[in-house]
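Novice: One structure, as structure tokens, below. Some questions next.
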Amino acid sequence: MVGWLFLAPFAVVFLLFLVGPLVYAFYLSLFTNGLATGEEFAGLANYSRAFTDPAFLSGVWFVVRFAIVVIPAQMLVALVAALVLDSLTSRFAKFSRLMIFVPYAIPAVIGAVLWGFLYSPNFGPLEQLFGESAPFLLSPDNLFYGLTNVVTWQWAGYYMIIIYAALQGIDPAIYEAARMDGAKAWQIATRIKIPMISAALVLILVFAVIGTLQFFTEPQVLLPISNGSITTDITPNVYAFNLAFRFAQFNYASAISFALGIVVFIGVYVFLFLTRKRGGFLK
Amino acid sequence: MNKKIMTALFGAGTVMTSLTACGGGGDGEAAASGGGGGSCSVPIANADAPVVSVWAWYPNMKTVVENFNDTHTDVQVCLTNAGQGADEYAKFQTAVSAGRGAPDVIMLETDTVPVFALQEALVDLSEHGASEVEGNFGEGAWRDVSSGDAVYGIPIDGGPMAMMYRQDVFDQYGITPPTTWDEYRAAAEELKAAGGPLMGDLPANVPAPTVALMQQNGAEPWTYDSANPTELEIDLNSPESKEVLDYWAGLVEDGLIGTQDQFTTEYISGAINGDYATYISAAWAPGYLTGAGAGEGADAGTWRVAPLPQWDPANPVSVNWGGSVLAVTSQAEDPELAAQVAMELYADEPSLTDGWTSQTIFPLNQSVLNSQEFIDHQSDFFDGQTANKDVYIPAANAYEGSTYSPFGTTFYAQFTEEIAAINAGEKTGSEALDDLQAEMEAYAEQQGFTLN
């Protein structure tokens, strides 16, 4: 009984602001509301529509491709930075650690606006360097890489801190033993450090998979300055947002959101299943 | 990680958060007040009178509401700026879907009126004496706010379209203002051959002027009557429309015009820089450009305006882009009183004069269009040219009105994608319109319309 009381503050917030809206959104997703027809019960029709909607499917395909490129990129940057910083103890290392982390402390919206200016073909630095032939990184051909760059910049620092913290948790006596056995710094990194922080790496991977599949802020912010190459259905989340708040299709938007939730859940479950032997954090 | 750095990081984080909080602060007062409640951004002058809540965003709206409140004892206006254009519509749409939270009177752009009229979110003002003010407006302006016998808004301002151009560029390359679209293309080719700047621009993000240009050639993309709201005729890929869009796609393909999105810093800086010899735009564009910093620096005195080029110079057609109305929402507590506000707000002489002298609006009220002061006004932006008399007033008077899409936001978003495909060289104008027609038909059927 007392236990429930202690749980109450969390439970109230949890029910009110997470479970409640979820249930309501699911309820909404079971109806259709045509402009000319009014509201009608539709069962799961919105879901069958979602999974045959080319806009939704191409959005899912986009974030899947995006995840395949961006997650290894940002994990590699984070891992290398953390390993280097872990083996240094100078004043410079502390400064670098802070600087690498700073992009994460910048709100995603501000970061996206900032990159929008940097990419600008009229007054961005690329224009100053290359003049007329400067590439526009948000053009249809370059968009993928333009966004990859922004997201890697934003998140690598955060993952670096997680990896770095895990590295700091390793008993230094192990390194000493390795050195006595004649291991080089390179070997210590690949044979000892990386295997010992594999749990942290799996954790990051799960965060990154969930985050990337729900990709929203950067495309939404850069949409108005992309000359049309970022569409309102570029990712499932952007699609759901625009369906609801621009096109007034709240019911279908709810179904899209739930459909995305299903995709993310399956993705994460498959991933955890594949890494179940090493991943220590969800047992 | 040591403690010091952690503190520094949290410090940085807090600063960032408070900075963004400041950035969003401007909307605070708007967000706070929903329908009737909350604070008004202009004080109520007569506390005893009933209050009508109004959402509007024009920059001189406070002056307009002060004028209204000072001269009315029977009703007062509580003004809220709920955001400009799409931001306001998103809030209004949410209020409409929720069934509460909308204001009594709302400012809408003319092409958005059918979107909300169709959802029965707006009151038919013909039942509340709208015919009394019909005479204040031209025929085209009134047709824009009407559907059959119903009237869903009272016009404030309009956007008769014209061709703004750079006199300095035209002089340098020896070009005279084109009067037909053939001449426009010829001038564009001359400019390119002489190594000059681009003739114009085809923006993907604002399809409204492109729709207007299609209508100039006789296209009627949307046909319906609010008396029969579920029956709809869509004709986006008519030969007239295709001729226009193929023309523009051809200009893009030959590198004669740009493909830059408009209402962006990119476009404005390009326009100031003289990267575009013409700007196909509406009567409110000089004010918009001035507010964005054009016409003051290196480009001061270089702008002129000429009538919109024509397809058939023997039968010139005027078209309109933009402009706003005041509409009464069906959530209004007292529709009669709200209708009175919609008809009298921004309709008094001091407000209208403030509106056009500050270049905020191009009024549609005949009292202004016929006033000698307005007719003879020499525009600073156009280097003393009497732009109203020469171009904009004749265009406004010749405008015959049009029918806008009943799902304009979806239509514009889809059209944006099609124009982006044209600009990327993936589709011709005809292909884009065929695709657009198919998409809009599918959408309309899925929304429960019967297609004729």
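What follows is calculated from the coordinates using simple rules that are stated; it is not laboratory data. Treat the numbers as computed from the prediction; the structure is a model and nothing was measured. Note that we place each Cβ from the backbone using ideal geometry, even for glycine, and neighbour counts take in every protein chain shown.
Novice: By how many nm would the segment from B:Ala45 to B:Ser269 grow when fully extended, if each residue of separation counts as 0.36 nm and the alpha-carbon distance is taken off? Intermediate values should be presented prior to the final figure.
Specialist: Numbers: separation 224, 0.36 × 224 = 80.64 nm, distance 4.28 nm.
Computed gain between B:Ala45 and B:Ser269 is 76.4 nm.
Novice: Which aspartates and glutamates does A:Lys193 reach when only Cα atoms under 18 Å apart count, and residues fewer than 8 places away in its own chain are ignored?
Specialist: Cα-Cα hits under 18 Å: A:Asp86, A:Asp171, A:Glu176, A:Asp181.
Novice: Anything in chain A that counts as a DSSP H helix reaching 24 Å or more along its axis (C-alpha) with Kyte-Doolittle mean of at least 0.5? List them, would you?
Specialist: Details: long enough: A:54-87 (49 Å, 1.91); A:143-168 (37 Å, 0.91); A:250-274 (36 Å, 2.10).
Sorted by number, the helices that extend far enough and score high enough are A:54-87, A:143-168, A:250-274.
Novice: Between B:Arg100 and B:Glu349, what's the calculated FRET efficiency when r is the beta-carbon distance and R0 is 45 Å? Round to 0.05.
Specialist: Numbers: r = 36 Å, r/R0 = 0.80.
It comes out at approximately 0.80.
Novice: Note down the net charge around A:Pro224, summing +1 for each Lys or Arg and -1 for each Asp or Glu among other residues with Cβ under 14 Å from its Cβ.
Specialist: On the way: positive: A:Arg246; negative: A:Glu218, B:Asp87, B:Asp261, B:Glu266.
Value of the local net charge: -3.
Novice: Using only the Cα atoms of chain B, build the gyration tensor, take square roots of its eigenvalues as a ≥ b ≥ c, and label the shape rounded, prolate or oblate: rounded if a/c is under 1.5, else prolate if a/b is larger than b/c, else oblate. Don't skip to the end; give the middle numbers.
Specialist: On the way: a/c = 1.37, a/b = 1.23, b/c = 1.11.
It comes out rounded by the Cα gyration axes.
Novice: By the gyration tensor of its Cα atoms, with a ≥ b ≥ c the square roots of the eigenvalues, what is the shape of region A:1-43: rounded for a/c under 1.5, prolate for a/b over b/c, or oblate? Numbers along the way, then the final one.
Specialist: Values: a/c = 6.68, a/b = 4.35, b/c = 1.54.
It is prolate, given that a/c is not under 1.5 and a/b is the larger ratio.
Novice: Apply 1/(1 + (r/R0)^6) to the Cβ-Cβ distance of A:Asn142 and A:Arg91, taking R0 = 41 Å, and write down the FRET efficiency to the nearest 0.05. Numbers along the way, then the final one.
Specialist: On the way: r = 39 Å, r/R0 = 0.94.
That pair, A:Asn142 with A:Arg91, gives E of 0.60.
Novice: Pull out a ≥ b ≥ c, the square roots of the eigenvalues of the alpha-carbon gyration tensor of region B:48-106, then state rounded if a/c is under 1.5, prolate if not and a/b is larger than b/c, and oblate in the remaining case. Can you show the working numbers first?
Specialist: Working: a/c = 4.59, a/b = 1.54, b/c = 2.98.
Note, shape of region B:48-106 comes out oblate.
Novice: Let me ask something else about it. Starting with the fewest neighbours, write out B:Ile44, A:Ile197, A:Ile71 ranked by other beta-carbon atoms found within 10 Å of each beta-carbon.
Specialist: Values: B:Ile44 14, A:Ile197 24, A:Ile71 21.
Lowest to highest Cβ neighbour count: B:Ile44, A:Ile71, A:Ile197.
Novice: If you don't mind, there's one more thing I want to ask. Would you list the P(r) distribution for region A:54-274, with all Cα-Cα distances sorted into 10 Å bins from 0 and each bin expressed as a whole %?
Specialist: Cα pair-distance distribution for region A:54-274, in percent: 7, 27, 30, 21, 11, 3, 0.
Novice: Can you compute the helix-only [θ] at 222 nm over the protein assembly as shown? Use -39500 (n - 2.57) per DSSP H run of at least 4 residues, normalise by all residues, nearest 500 deg cm²/dmol. Can you show the working numbers first?
Specialist: On the way: 33 runs with 383 residues, N = 735.
That calculation yields -16000 deg cm²/dmol at 222 nm.
Novice: Under the definition of Cα pairs under 8 Å and six or more residues apart, what whole-number percent is the relative contact order of chain B?
Specialist: Numbers: 797 pairs, mean separation 109.2, N = 452.
So the answer I get is 24 percent.
Novice: 7 Å from Cα along Cα→Cβ at both B:Thr230 and B:Glu183: what's the point-to-point distance in nm?
Specialist: With each label point 7 Å from Cα toward Cβ, the separation is 5.1 nm.
Novice: While we're looking at this one, here's another question. Need the full-extension length gain, B:Lys62 to B:Val317, defined as separation in residues times 0.36 nm minus the C-alpha distance. One decimal, nm. Kindly include the intermediate steps, with their values, before the conclusion.
Specialist: Details: separation 255, 0.36 × 255 = 91.80 nm, distance 3.60 nm.
Taking B:Lys62 through B:Val317 to full extension adds about 88.2 nm, to one decimal.
Novice: Give, rounded to the nearest 20 debye, the magnitude of the charge dipole that chain A has about its Cα centre when Lys and Arg contribute +1 at Cβ and Asp and Glu contribute -1 at Cβ. Kindly include the intermediate steps, with their values, before the conclusion.
Specialist: Values: 14 positive and 12 negative charges, 206 e Å.
Dipole size: approximately 980 debye.
Novice: Between A:Glu40 and B:Thr71, how high is the FRET efficiency from 1/(1 + (r/R0)^6) when r is the Cβ-Cβ distance and R₀ = 56 Å? Nearest 0.05. Display every interim value, and only then the final one.
Specialist: Working: r = 48 Å, r/R0 = 0.87.
Efficiency, rounded to the nearest 0.05: 0.70.
Novice: Over all directions, how big on average is the projection of the convex hull of the alpha-carbon atoms in the protein assembly as shown, in square nanometres? Before the final figure, lay out each step's value.
Specialist: On the way: hull surface 154.7 nm².
With the hull built on Cα positions only, its mean projection is 38.7 nm².
Novice: Tell me the label-point distance for the pair B:Arg143, B:Ala86, using the 7 Å Cα-to-Cβ offset, in nm and rounded to one decimal.
Specialist: About 3.0 nm, to one decimal.
Novice: Along Cα→Cβ, 7 Å out, is where each label goes; now give me the distance between the ones at A:Tyr24 and B:Ser430 in nm to one decimal.
Specialist: According to this spin-label approximation, the distance is 5.1 nm.
Novice: List the DSSP H helices in chain B whose Cα atoms stretch 24 Å or more along the helix axis and whose mean Kyte-Doolittle hydropathy is at least 0.5. Present the calculation step by step, with values, prior to reporting the outcome.
Specialist: Numbers: long enough: B:3-25 (33 Å, 0.76); B:429-446 (25 Å, -0.77).
Both cut-offs are met by B:3-25.
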